[in-house]
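Working notes for the structure below.
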Amino acid sequence: MGDRLRRLREARGAVLGLSLVLLLAACGGTSTSSGGPAQSQPPTASMKPPTSIGAGEGQLNLIAWEGYTEKDWVTPFQQQTGCQVNAKYAGSSDEMVTLMANGGGGQYDMVSASGDADLRLIYGGDVKPVNVDLVPDWKNFGSQFKAPSFNTINGIHYGVSLQWGPNVLLYSKAQFPTAPTSWKALYDSKYKGQVTVPNNPIQIADAALYLMKTQSSLGITDPYELNQSQFDAAVNLLKQQRPLIKKYWDLASQEISLFTNHDVVIGAAWPYQTNTLQGANVPVADTIPSEGATGWADTWMLGTKAPHPNCAYLWYKWISTPHVQAQQAIFFGETPVNTKACSEMDTLQAGSCAQYHADAPASYFNTIKFWKTPLADCGNGKSDCMPYSKWQTAWTSITG
Amino acid sequence: MTVGALARGRKGGRVGRIQALLWRRPWMRAALLLGPGLAWFVVIYLASLVLLLITAFWQINPFTTAIERVWNLDNFRTLVTDGTYRLIIVRTIGLAAAVTVTDAVLAFPFAYYMARVASRRVQTALFAAVLLPLWASYLARVYAWILILNHDGVLNWSLLLVHLPPANLGYTNWAMWIVFSYIWLPFMIIPTYAALERIPQSYLEAAADLGARQGRATWDVILPLALPGIVAGSIFTFSLTLGDYVTPLLVGGAGSSFIGNVVYSNVGIAHNIPFAAALAIVPVAVMALYLLGARRLGAFEAM
Amino acid sequence: MEARWTRVALRVWAVGILLFLFIPIGLVIVYAFNVSTIQSWPIPGVTLRWFGQTWQDPEVRRALLLSVEAGLMATAVALVLGSMAAFAIHRFQFFGREVISFALVLPLALPGIITGMSLNSFFAFNQVTFSLWTIVIGHATFCIVIVYNNVLARLRRTSSSLMEAAMDLGASGWQTFRDVTFPLISTALVAGALLAFALSFDEVIVTTFTAGAQNTLPLWIFGAIRLGQRLPEVNVVVFVVILITIVPVVIASRLTGGGAAGRVEAVAAAEEV
């Protein structure tokens, strides 16, 4: 899998020009890679992380989910470290992977990647090992977040866990005096033209989760590991949903505007949208329906060519502290990985620790179906599952 | 004529000699003048286009999205066989055509008024009035329509005022149709006006002398003569709609994807540049065909 | 000649089209003074406070600065390369002249997304990191065409006998250029530069693919409209951008005598070949 990096290195010496383009085209490349992870070491595994943090470089370029770089905790960070934070919001894990890889990397320092992006970034050589000893709060993380399989390969950490949480069903209280109890509301023709869901192939998993609980004959056990017939059923459900959709939202803020302007009454969302809308006095609420929820477990990852590594490590330290973990958890409506954040949360907003499950046992964590990259390898010995590229193609056919 | 240059060349030292040399060999001067601009185009622009064409025959690693230089036709096969892309291509071309027809219908009477009815002063003022919106930020004009068409916007408010039900056009293909027609309208008006202005008054008088009524004169004399202008305008409205992705993204809803959106999301989100490249060839091919057709209708003489 | 009612109908139609063209623009201008953060109609009141807030916004300032920098540099590149190419095409007959004059206008004739994504993959292929320069390259590619067209059009209208006369009177090539040719084409150069700048300042499609992590003003607007969270600032920026793009164009059209159809003319020239 290292041949991408090798090719990059070859290309680096290249001179601009048509002759080069034609030459390379004529020579052609013959490299093929298997397209799966796991067999080998990631391309950056041998890069040695620093053993101490130097002086900040004055800048820090982040790719983040909306709500992850709020001024409440970014401003004090900038004041303390002199690192000016420049954040770019990405709408999906796919976009994060692309932004990190685009132009050969080197634009962004860090990315707040979710579980379905992590392995792609790691095996794409876009992120590099991190020295967790430089992050004092790492030892206070919940045990399942210190070296989770989604960001740690063969004992090498490719990032530091951040927060996690469930995707929710967001609804307008005017239309729903009582909370809907099932994801069925998103597929109900009663709300034709008033529904919004994320414009993200991973949304197929939400349909699969709904089918897993409502059509047991399909035999779905994991919404990310779908064989052809299970996959087709989920895609069909979403195709039926298409006429009901007002707009597929690319960014959380779009969904917020749609609700604010009364263009939609129900949608799939993050708790962040609920908090923001409620903060603006829009009568909405959210719920986790009886079928359960998909969710995310995010990791700040460090770009292979990060131009400001010291500021990045300072950010790692900062974002892992109990207070900042608590601030972000309450602002976004998610759960911190630092176990010491619970009391901070209750100080900031009484009852918020329990509300956002920061004190919940590990069993709660296991009820959420976290985003991960769908692979052909089903994980049960079979390899007839639909890989992510099929998900992307299918998603285009649903939304197109 | 060369005496002056030669005279300077004799006494003017190195500079003069170079000047003289350049003067004697015009191709050198041409090369010097054209060289930098041409180099820019060949090295950057044409090389990029060629690279794009080549990339269309490559593929990506589905897991890491790295480009693999394996020659194949899979991207094109997908384009042809997958119903989704056919639908998107048809939608894009269809809407581009609808916008073109709409603009032609809107523009013709206006251009006619400008060219043949309005006084010279009004004509100049109208010309400027049509051009100004063209330069008033594209995004600003799209954004204006978001404000108009959204649920709580001007349109629904106005409808309510006259006791009509709200239209709720925001985030629909209708919205795209309106916005595109709006944005590209000046591109249709200008060439149509130019064509109409060129029709000699005597033709119409001749038609009238021969007993043609006004409607007939318009139909039989003016329209055929204005047609090249309308076709010329249609080149803009059609090609600009064909290649757009910003308007569908901002005012389109579910099922509003254009070729440009799929290209954009394949570059910016899925990172499947080979497929995006293959798809990008579609509008270029469509435009090439369109231009061939337009040439036959005499659109190029009209410009 | 037209019947009276036809003239009336045509006039009504013309007024209707003008309203269609200008109401949306007028509306955006009104919204810039909207007191509310929610963009619904009618606006509840007027205020000037968003102007101050927008001016204070460091993101907007940075984007504005980047846009101005990129616009100026792209215009400079375009002035030099575009007018040189126009001279060459005008003065000399050589093999491939038609092909070259066609190639030069391709960037305006092809959909922007083609130019954008080919430059994007070109930069990626050559491991060029996105910077101000990649934006300038993208913009200059089409700005050159604008200057080229303006200068070429002026040269075609200018009789070459003036320059020949100067030469006959003993002026050197440089003197002829400085004292005769340049004054003749100077307004075309200024107009071309203004149009090129206006086009660069408003460009979004190509820029999306060549800016990387940076925001030009149109990219900021695009992002902010999509986010929908800072619409009061969007209103103000959009209002200002309309002014900034229209003013140069009005000046340019004065200089060239109605030549502000730059975009139309440039693309028309592309297809003439």
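The values are calculated or read from the model by the stated rules, or taken from the named source; none is laboratory data. From a predicted model like this one, the values you see are computed outputs, not experimental measurements. Positions of Cβ are generated from backbone atoms using ideal geometry, with glycine treated the same way; all protein chains shown enter the neighbour counts. The protein model used for the area step is the full one, side chains on, heavy atoms only, and it has no ligands, DNA or RNA in it. Shrake-Rupley method; radii C 1.70, N 1.55, O 1.52, S 1.80 Å.
Output the residue which, of all residues in region A:304-326 that are part of a loop (DSSP other than H, G, I, E, B) and of a type outside the set (Lys, Arg), is most open to solvent (accessible area, probe 1.4 Å). Selected residue: A:Pro307. Look at (1) of a type in the set (Gly, Ala, Ser); (2) within 10 Å of chain C (Cβ to nearest Cβ); (3) more than 30 Å from C:Glu203 (Cβ to Cβ) and you find that B:Ser181 fails only one, number (3).
Hey, any hits in region C:131-139 for a residue that's modelled with pLDDT of 85 or more, under 22 Å from C:Gly71 (Cα atoms) and more than 19 Å from the chain's Cα centre (by Cα)? Yes - at least one qualifying residue is present in region C:131-139.
Listed residues B:Ala232, B:Ala276; which is in contact with a helix residue (DSSP H, G or I) (Cβ under 6 Å, 6 or more places away or on another chain), buried (at least 24 other Cβ atoms within 10 Å of the Cβ) and farther than 24 Å from B:Thr78 by Cα? Before the answer, list the steps.
Details: B:Ala276 fails: farther than 24 Å from B:Thr78 by Cα.
The match here is B:Ala232.
At least 3 residues being small (Gly, Ala, Ser) and under 22 Å from A:Ser383 (Cα atoms) is the threshold, and among the helices (runs of 4 or more DSSP H) wholly inside region A:203-271 those reaching it are A:203-214, A:228-241. For region B:114-129, indicate whether the set of residues that are surrounded by 22 or more Cβ atoms within 10 Å (Cβ to Cβ) and either at pLDDT 90 or above or in the same structural domain as B:Ile190 (by TED's automatic domain parsing) (or both) is non-empty. Yes - at least one qualifying residue is present in region B:114-129.
Can A:Ser397 be described as within 28 Å of A:Tyr248 (Cα to Cα) and at pLDDT below 90? Spelling it out, A:Ser397 is indeed within 28 Å of A:Tyr248 (Cα to Cα) and at pLDDT below 90. In the set A:Met110, A:Met96, which member is touching a helix residue (DSSP H, G or I) at 6+ places or on another chain (Cβ under 8 Å), within 14 Å of chain B (Cβ to nearest Cβ), open to solvent by less than 10 Å² (accessible area, probe 1.4 Å) and of a type outside the set (Gly, Ala, Ser)? Sole residue among the options that is touching a helix residue (DSSP H, G or I) at 6+ places or on another chain (Cβ under 8 Å), within 14 Å of chain B (Cβ to nearest Cβ), open to solvent by less than 10 Å² (accessible area, probe 1.4 Å) and of a type outside the set (Gly, Ala, Ser): A:Met96. The residues of region A:340-378 that are within 20 Å of the chain's Cα centre (by Cα) and part of a helix (DSSP H, G or I), listed by number, are A:Tyr364, A:Phe365, A:Asn366, A:Thr367. Of everything in region B:9-64 that is more than 7 Å from every other protein chain (Cβ to nearest Cβ) and in a loop (DSSP other than H, G, I, E, B), the residue that is modelled with the lowest pLDDT is B:Gly12. For region A:202-210, check the following and say yes or no: at least one residue is within 18 Å of A:Ser92 (Cβ to Cβ) and free of Cβ contacts under 8 Å to residues at least 60 places away in the same chain. So far as region A:202-210 goes, yes, one or more of its residues are within 18 Å of A:Ser92 (Cβ to Cβ) and free of Cβ contacts under 8 Å to residues at least 60 places away in the same chain. Screening C:Ile137 with (1) open to solvent by less than 10 Å² (accessible area, probe 1.4 Å); (2) in contact (Cβ under 8 Å) with a residue 60 or more places away in the chain gives one miss only, at (1). Across region A:69-91, the qualifying residues are those that are crowded, with 17+ Cβ neighbours inside 10 Å and more than 14 Å from every other protein chain (Cβ to nearest Cβ), and the one among them that is farthest from the chain's Cα centre (by Cα) is A:Thr81. When B:Glu68 is tested against the conditions (1) within 14 Å of chain A (Cβ to nearest Cβ); (2) buried (at least 19 other Cβ atoms within 10 Å of the Cβ); (3) more than 19 Å from the chain's Cα centre (by Cα); (4) closer than 27 Å to B:Leu169 by Cβ, the lone failure is (4). C:Met117: assigned to a helix (DSSP H, G or I) and open to solvent by less than 10 Å² (accessible area, probe 1.4 Å), yes or no? Yes. Take C:Ile251 and tell me if it is at pLDDT 75 or above, at the interface with another protein chain (Cβ under 9 Å from one of its Cβ atoms), closer than 13 Å to C:Leu194 by Cβ and open to solvent by 20 Å² or more (accessible area, probe 1.4 Å). Taking the combined requirement at face value, the residue does not satisfy it.
Could you list, in sequence order, the residues of region B:130-163 that are free of Cβ contacts under 8 Å to residues at least 24 places away in the same chain and at the interface with chain C (Cβ under 7 Å from one of its Cβ atoms)? Give the derivation first.
As a first pass, look at region B:130-163 and keep what is free of Cβ contacts under 8 Å to residues at least 24 places away in the same chain: B:132, B:135-137, B:140, B:144, B:147-148, B:150-163.
Matches in region B:130-163: B:Leu132, B:Trp135, B:Ala136, B:Ser137, B:Ala140, B:Ala144, B:Leu147, B:Ile148, B:Asp152, B:Gly153, B:Val154, B:Trp157.
Being aliphatic (A, V, I, L, M) and over 21 Å from B:Leu132 (Cβ atoms) is true for just one of B:Ile259, B:Ile190, B:Ile178, B:Ile183. Which residue is that?
Values: B:Ile190 fails: over 21 Å from B:Leu132 (Cβ atoms); B:Ile178 fails: over 21 Å from B:Leu132 (Cβ atoms); B:Ile183 fails: over 21 Å from B:Leu132 (Cβ atoms).
One residue alone meets the criteria, B:Ile259.
Take the conditions part of a helix (DSSP H, G or I) and open to solvent by 30 Å² or more (accessible area, probe 1.4 Å) and apply them to C:Ala165. Does it pass? Full working, then the answer.
Numbers: part of a helix (DSSP H, G or I): yes; open to solvent by 30 Å² or more (accessible area, probe 1.4 Å): yes.
Here the answer is yes, as C:Ala165 does meet what is asked.
Note on region C:140-162: residues that are surrounded by fewer than 23 Cβ atoms within 10 Å (Cβ to Cβ) and at pLDDT 80 or above total 4.
If you go through region B:233-243 and keep only what is assigned to a helix (DSSP H, G or I) and facing chain C (nearest Cβ under 7 Å), you end up with B:Ile235, B:Phe236, B:Ser239, B:Leu242.
Per this entry, A:Gly106 is not counted among residues that are within 27 Å of A:Thr367 (Cβ to Cβ) and either in a strand (DSSP E or B) or assigned by TED's automatic domain parsing to the domain that holds A:Gln355 (or both). Taking the criterion of being under 22 Å from the mean Cα position of the chain (by Cα), touching a residue at least 24 places away in the same chain (Cβ under 8 Å) and away from chain A (no Cβ under 11 Å), the residues of region B:256-278 that qualify are B:Gly260, B:Ala277, B:Ala278.
For region A:147-156, enumerate the residues that are open to solvent by 30 Å² or more (accessible area, probe 1.4 Å) and out of contact with any helix residue (DSSP H, G or I) (no Cβ under 7 Å at 6 or more places or on another chain). Before you say what the answer is, go through the steps one by one.
Kept after step one, since they are open to solvent by 30 Å² or more (accessible area, probe 1.4 Å), are these residues of region A:147-156: A:147, A:149-150, A:154-156.
Those that are open to solvent by 30 Å² or more (accessible area, probe 1.4 Å) and out of contact with any helix residue (DSSP H, G or I) (no Cβ under 7 Å at 6 or more places or on another chain): A:Ala147, A:Ser149, A:Asn154, A:Gly155, A:Ile156.
Taking every residue in region A:66-79 that is at positive phi and pairing it with any residue that is open to solvent by 50 Å² or more (accessible area, probe 1.4 Å), at least 6 positions away or on another chain, the pairs with Cβ-Cβ distances below 8 Å are A:Gly67/A:Phe331. Given the condition within 13 Å of chain B (Cβ to nearest Cβ) and of a type in the set (A, V, I, L, M), answer yes or no: does some residue in region A:364-379 qualify? Yes, some residue in region A:364-379 is within 13 Å of chain B (Cβ to nearest Cβ) and of a type in the set (A, V, I, L, M).
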